[in-house]
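Submitted below is the structure of interest, expressed as structure tokens.
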Amino acid sequence: MASTLLPSSDATSENKVGDVQDIQELRRAQPTAIPARYIRDSTERPAADAVLASLRVPVIDLSKLVRGGRRQSQEEMARLCSACEEWGFFQVINHGIEEGLLESMETLAKEFFMLPLEEKEKCPMAPGTIQGYGHAFVFSDDQKLDWCNMLALGVEPAFIRKPHLWPAKPASLSETLEEYSSRIRRMCQILLILIARNLGLSPDYFNDMFGEAVQAVRMNYYPPCARPDLVLGLSPHSDGSALTVLQQDTRSVGLQILKDGAWVPVHPIANALVVNVGDSIEVLTNGRYKSVEHRVVTDEEMDRLSVVTFYAPSYEVELGPVPELVDDNQPCRYRRFNHGEYSRHYVTNKLQGKKTLEFAKIQTSY
């Protein structure tokens with residue numbers, strides 16, 4: 001069925017900064033409509049010829065790293081190191097988080113997005129903020145928007161929480177999210193121990209340095225789109241976190257990562273969690289482990305749900321390359337800066353590749 005492409009004049013009055021039209025409501029009213037604010041410029045549209053569907057993101061078996069024999073552990077550590085250096089992304093299996101908890105989290109998140117709009121709007125995302133229900137990273141009236149609804153919540157430490165934005169419905173969402181976040185936090189701490197070891201650092205180097213680590217959760221709902229070739233579910237970007245953990249449903253392939261100039265789809269694996277290196281780890285490792293651009297594409301018939309956890313150092317921590325990872329062959333590539341300062345910089349700019357990391361890079365001239 002041909003789509004209805006709304007001219008910019010039709011969308012401008014409704015879709016202002018802080019007043020972005022709800023995508024689910026739009027689809028209910030006009031299933032084939034694509035407002036102009038969502039239609040990407042030709043250079044930004046998903047292109048099939050730029051996708052390497054045959055490549056697969058590395059898979060790491062966490063049980064082999066934690067409970068395996070010496071040989072198994074060494075082999076898996078080498079895979080983890082390679083994944084961090086060459087991909088910046090990997091899928092974790094046998095992570096120890098119960099399948100039932102993962103299923104409950106996914107089900108409750110989906111139930112929230114299926115609530116009536118007036119219920120979801122009881123926890124609104126205010127303009128210029130990143131907590132609550134709505135659209136984040138919207139800063140101008142002419143900015144292209146993502147085909148996505150979000151619920152974003154601060155989890156730890158307590159001072160970043162905004163209790164009035166935690167939904168009352170579904171009734172068990174908050175309790176389940178607490179348990180889920182606790183388990184994800186422990187997995188991040190274990191991964192940071194393994195990453196430190198791979199870098200020749202003391203096992204607790206990152207966990208000790210991070211202090212009272214910051215943890216936030218964002219649930220993303222991507223409705224079907226009549227013209228997936230014209231829109232993006234989420235704009236290309238790298239994450240400002242240290243580690244990001246993604247739980248994605250297994251019904252569709254939407255997440256893509258940029259590798260060697262082409263987009264690689266991240267094919268879902270049942271009960272696996274996708275982990276990616278964030279900007280903080282890139283800085284700390286002096287670029288040895290790199291954060292990677294990623295995006296989400298939509299589907300004409302299938303919706304998509306994901307639950308994302310961002311794990312980062314305390315806002316008070318000063319970040320910069322670890323001294324042991326800087327030498328004459330690997331000179332310092334990033335300046336030292338306060339993590340809270342970088343976080344403010346990140347959340348006050350639209351998602352645009354790795355542009356926000358320019359904030360930290362040492363500019364060199366040759």
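Just the Kirkwood number for segment 211-258, please: inverse of mean 1/r across all distinct Cα pairs, in Å, one decimal. Write down the numbers at each step before the final one.
Working: mean 1/r = 0.0740 Å⁻¹.
Here the Kirkwood hydrodynamic radius works out to 13.5 Å.
For segment 146-203 and segment 289-355, compute the distance between their C-alpha centroids and round to whole Å.
Cα centres, segment 146-203 to segment 289-355: 16 Å.
Please work out how much length the chain gains when fully extended from Leu101 to Glu179, using 0.36 nm per residue of separation minus the C-alpha to C-alpha distance, in nm with one decimal.
27.2 nm is the gain from fully extending Leu101 to Glu179.
While we're looking at this one, here's another question. Highest mean first, what order results for 212-223, 293-304 on Cβ atoms within 10 Å? Don't skip to the answer; put the middle values down first.
On the way: 212-223: 21.3, 293-304: 19.6.
Peptide ranking by packing, descending: 212-223, 293-304.
Next question, about the same structure. Stretched out fully, how many nm does the piece from Ala29 to Ile93 gain, at 0.36 nm a residue minus the Cα gap? Don't skip to the answer; put the middle values down first.
Details: separation 64, 0.36 × 64 = 23.04 nm, distance 4.06 nm.
So the extension gain works out to 19.0 nm.
In segment 51-359, what % of DSSP beta bridges are antiparallel (nearest 5)?
Counting only bridges with both partners in segment 51-359, antiparallel ones make up about 90 percent.
Would you calculate the convex hull of the Cα atoms in segment 163-228 and tell me its volume per residue in Å³? Walk me through the numbers on the way to the answer.
Values: hull volume 9.7 nm³, N = 66.
Cα-based convex hull of segment 163-228, divided per residue, equals 147 Å³.
Sticking with this structure for a sec: Long-range amide H contacts for Leu145: which residues qualify at under 5 Å (H placed 1.01 Å from N, peptide plane, sequence gap of 5 or more or a different chain)?
Tyr38
Taking only Cα atoms, what is the 0 to 90° angle, nearest 10, from helix 70-82's long axis to the longest principal axis of the chain?
For 70-82 against the chain, the angle is about 50 degrees.
Listed highest first by mean packing, meaning other Cβ atoms within 10 Å per residue, what order do 272-278, 325-331 come in?
Ranking, from highest mean packing down: 272-278, 325-331.
Further question: Using only helices, what value at 222 nm comes out for the chain when you add -39,500 (n - 2.57) per DSSP H run of length 4 or more and divide by the total residues, to the nearest 500 deg cm²/dmol?
-7500 deg cm²/dmol
For segment 204-305, what class follows from the C-alpha gyration tensor (a ≥ b ≥ c being the square roots of its eigenvalues): rounded when a/c is under 1.5, otherwise prolate if a/b is larger than b/c, else oblate?
prolate
Subtract the Cα-Cα distance of Leu52 and Met302 from 0.36 nm times their separation in residues, and report this length gain in nm to one decimal.
Extra length available between Leu52 and Met302 comes to 87.9 nm.
Rounded, prolate or oblate: which fits segment 240-366 when a ≥ b ≥ c are the square roots of the eigenvalues of the alpha-carbon gyration tensor, with rounded for a/c under 1.5 and prolate only if a/b beats b/c?
prolate
If you don't mind, another one. For segment 105-215, place one equal point scatterer on every Cα, skip the solvent, and apply the Debye formula. What is log10 of I(q)/I(0) at q = 0.12, 0.15, 0.18, 0.23 Å⁻¹?
With one equal scatterer per Cα and no solvent, log10 I(q)/I(0) is -0.57, -0.79, -0.97, -1.22.
Give me log10 I(q)/I(0) at q = 0.14 Å⁻¹ for segment 88-149, Debye formula, one equal scatterer per alpha-carbon, no solvent.
-0.65
Moving on to the next point. Would you please give the FRET efficiency between Asp204 and Arg161, computed as 1/(1 + (r/R0)^6) with r the Cβ-Cβ distance and R0 = 22 Å, to the nearest 0.05?
0.25
Normalise the Cα radius of gyration of the chain by 2.2 N^0.38 Å (N = residues in it) and let me know the number.
Normalised Rg, Cα atoms only: 0.98.
For segment 289-304, what does the Karplus curve 6.51 cos²θ - 1.76 cosθ + 1.60, with θ = phi - 60°, yield as ³J(HN,Hα) per residue in whole Hz, taken in order and with x for Gly and Pro?
So the Karplus estimates, Gly and Pro as x, are 9, 10, 5, 10, 4, 8, 8, 10, 9, 9, 10, 5, 10, 9, 7, 8 Hz.
Values in this text are rule-based calculations from the coordinates and carry no lab data. Everything quoted here is computed from the prediction, not taken from an experiment. With ideal geometry, Cβ positions are generated from the backbone for all residues, glycine too; neighbour counts draw on all protein chains shown.
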